Amino acid sequence: MRIALLAVGTKPPEWVRAGFEEYRKRLPKPYAPELIELAAGARGTGRDPKRAIQDEGARVLAAVPRGARLVLLDERGSSWSSAQLSQQLGAWSQDGRDVALAIGGADGHAPEVSAKADQRWSLGPLTLPHMLVRLILIEQLYRAWTLMTGHPYHRA
């Protein structure tokens, strides 16, 4: 199993990049996600926001590895505790398929992306900056892996 993190938006702040890399290097290779940054759709005066969402969706779908399980980060998805995420991670690794975790753009996922999703994961009811979601997501993947392996990082 390989994990790809498909993230709409480029050029994260240095502290996000550094935090992401810190947790990434802690994870063993099969669980360390490859970050694939995708350009956001053009927004602004005189531009159609639906077109921006559609463009982002096309880029997300093109980046999903063939045969991968597509898991959308979506406020309407299932909220998992860290222990439940650990169970999901274990199930994904037993499945044998690659996993693509997708963080949408400012206006969410395109309908075409939502239609192809195998699962939807919500980080909770808060609205979070998309760059921060990258950091929260990888920390939670690390926490889930430590729970799977009995590492003392998680204290509940």
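Annotations for the structure displayed:
- In this structure, the amide hydrogen of Val99, modeled 1.01 Å from its nitrogen in the peptide plane, lies closer than 5 angstrom to those of Arg2, Ile3, Ala4, Arg69, counting only residues at least 5 positions away or on a different chain.
- Dividing the mean sequence gap of close Cα pairs (under 8 Å, 6+ apart) by how many residues region 3-149 holds gives a relative contact order of 36 percent.
- Helix-only mean residue ellipticity at 222 nm for the chain, each DSSP H run of n ≥ 4 adding -39500 (n - 2.57), per residue, nearest 500: -14000 deg cm²/dmol
- Extending 7 Å from the Cα toward the beta-carbon at both Gln84 and Ser122 defines two label points whose distance is 1.0 nm.
- Lysine pairs with alpha-carbon atoms under 26 Å apart, the chain, spacing 8 or more or separate chains: 4
- Database remark: amide H of Leu123 closer than 5 angstrom to the amide H of Asp74 (H placed geometrically; neighbours at sequence offset of 5 or more, or on other chains; Pro and chain starts carry no H).
- Of all DSSP bridge pairs formed entirely within the chain, close to 5 percent run antiparallel.
- Residues whose amide H falls under 5 Å from that of Leu35, counting only those 5 or more places apart or on a different chain, are Leu5, with hydrogens built in the peptide plane.
- Sequence ranges 34-41, 78-85, ranked by mean other-Cβ count within 10 angstrom, highest first: 34-41, 78-85
- For region 53-64, backbone phi angles converted through the Karplus equation (6.51, -1.76, 1.60; θ = phi - 60°) give residue-by-residue couplings of 4, 4, 4, 4, x, 4, 5, 4, 4, 5, 8, 5 Hz, Gly and Pro being listed as x.
- Residues Lys29, Lys11, Lys116, arranged from fewest to most other Cβ atoms within 10 angstrom of their Cβ, appear as Lys29, Lys11, Lys116.
Laboratory data are not the source of any read-out in this text; all were calculated from the coordinates shown. Model, not experiment: these values are computed from the prediction. Every residue, glycine as well, gets a Cβ built from its backbone with ideal geometry; the counts of neighbours run over all protein chains shown.
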